[in-house]
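Chemist: The structure under discussion is supplied below as structure tokens; questions concerning it will follow.
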Amino acid sequence: SKCPNESLYLELGVLPIKFVIICRRLSFLHYILNRPDTDLLKQFFETQCKYPVKNDWIHTIKQDIDILGLKMTFEEIKLMKKAKFSKIIKEKVRQSALEYLLEKKDEHSKMDLIEYDKLSIQSYFCTSKISTKHAKSIFKYRTQMSKVKENFHFMYSDENLDCPECPGILDTQEHLIDHFDSAIDKQNYENLFLHGYHKEKVILAKNMDLLLNRRN
């Protein structure tokens, strides 16, 4: 329940529902604009354009256009081919969704170590070389949701954040690495937060899971 919502969207490359709705509304706008002038729906839309009232659909669609930074008039949208307009909207929606999620990400320290330059599913979810169990573990450590005290410091007093096995040392994910004999594992901790590095991520997640299971 404490997992940052934006981490789910960013790691899985999924659009928040508000952007899915924006995409569909703008597609419907293109449909309306290309209806015959005698069509009742078209006439209703044009009436809203001329005599807008608070909470009219025309206000919502204009907000959608502003959110996406779409520099197009209704006439330009009408004259554009449906396929081309849909492609532009989908690109704009994904870019706007990414910007929105990155703003949310900056509000949560758990996401500080991960950088995103596009909204797409992370590769460790898409390979048959990583089991579902280990993919979940990688996600847990990337979003700093493992059961170490520092990840849930609000549940403890400042005097009770020490590692259960190492008094005087803060209980963090990084500290878990100090329990490993392999120097390679220590060096690869930062790779956990980068894109790719499938093998290293799995090894690291396995070792951290083993240690946490042993002490919990």
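The values are calculated or read from the model by the stated rules, or taken from the named source; none is laboratory data. Note that the structure is a prediction, hence the values are computed from the model and not measured. Neighbour counts are summed over all protein chains in view; Cβ atoms, including those assigned to glycine, are modelled from backbone coordinates with ideal geometry.
Chemist: Taking segment 1-37 as the region of interest, how many residues are among the acidic types (D, E) and surrounded by fewer than 13 Cβ atoms within 10 Å (Cβ to Cβ)?
Modeler: 1
Condition check ((1) without any contact (Cβ under 8 Å) to a residue 40 or more places away in the chain; (2) among the aromatic types (F, W, Y)) across all residues:
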residue: L68; (1), (2): no, no
residue: E91; (1), (2): yes, no
residue: Y100; (1), (2): no, yes
residue: I121; (1), (2): no, no
residue: K129; (1), (2): no, no
residue: A135; (1), (2): yes, no
residue: R142; (1), (2): no, no
residue: K147; (1), (2): no, no
residue: H153; (1), (2): yes, no
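Chemist: Related question: Would you check which residues across segment 6-19 are in contact (Cβ under 8 Å) with a residue 40 or more places away in the chain and within 16 Å of I65 (Cα to Cα) and list them?
Modeler: F19
Chemist: Looking at segment 115-150, which of its residues are in a helix (DSSP H, G or I) and either among the hydrophobic types (A, V, I, L, M, F, W, C) or surrounded by fewer than 19 Cβ atoms within 10 Å (Cβ to Cβ) (or both)? I'd like the intermediate steps shown before the answer.
Modeler: First, pick out the residues of segment 115-150 that are in a helix (DSSP H, G or I): 123-125, 132-142, 149-150.
S123, F125, T132, K133, H134, A135, K136, I138, F139, K149, E150 - these are the residues of segment 115-150 that are in a helix (DSSP H, G or I) and either among the hydrophobic types (A, V, I, L, M, F, W, C) or surrounded by fewer than 19 Cβ atoms within 10 Å (Cβ to Cβ) (or both).
Chemist: Check segment 57-66 and report whether any residue there is among the β-branched types (V, I, T), out of contact with any Phe, Trp or Tyr (no Cβ under 9 Å at 6 or more places or on another chain) and in a helix (DSSP H, G or I). Spell out the reasoning first.
Modeler: Applying the first criterion (among the β-branched types (V, I, T)) to segment 57-66 yields 58, 60-61, 65.
Filter once more, so that each one left must be out of contact with any Phe, Trp or Tyr (no Cβ under 9 Å at 6 or more places or on another chain): 60, 65.
From what is left, the residues that are in a helix (DSSP H, G or I) are 60, 65.
Looking through segment 57-66, at least one residue is among the β-branched types (V, I, T), out of contact with any Phe, Trp or Tyr (no Cβ under 9 Å at 6 or more places or on another chain) and in a helix (DSSP H, G or I).
Chemist: Determine, yes or no, whether T47 is among the hydroxyl-bearing types (S, T, Y) and assigned to a helix (DSSP H, G or I).
Modeler: Yes: the conditions hold for T47.
Chemist: What residue, among those in segment 173-184 that are out of contact with any Cys (no Cβ under 8 Å at 6 or more places or on another chain) and within 17 Å of T143 (Cα to Cα), is modelled with the highest pLDDT?
Modeler: It comes out as Q173.
Chemist: Let me ask something else about it. What pairs come out if I take residues in segment 42-58 that are surrounded by 13 or more Cβ atoms within 10 Å (Cβ to Cβ) and pair them with residues that are outside any helix (DSSP H, G or I) whose C-beta lies under 7 Å away, six or more apart or interchain?
Modeler: Taking only residues 6 or more apart or on different chains, the pairs are K42/R35; K42/P36; Q48/D56; I58/P52.
Chemist: Has segment 138-155 got any residue that is at pLDDT below 80 and touching a helix residue (DSSP H, G or I) at 6+ places or on another chain (Cβ under 8 Å)? If you could, list the steps in order and put the result at the bottom.
Modeler: Taking segment 138-155 and keeping what is at pLDDT below 80, we get none.
The answer is no, given that none of the residues of segment 138-155 is at pLDDT below 80 and touching a helix residue (DSSP H, G or I) at 6+ places or on another chain (Cβ under 8 Å).
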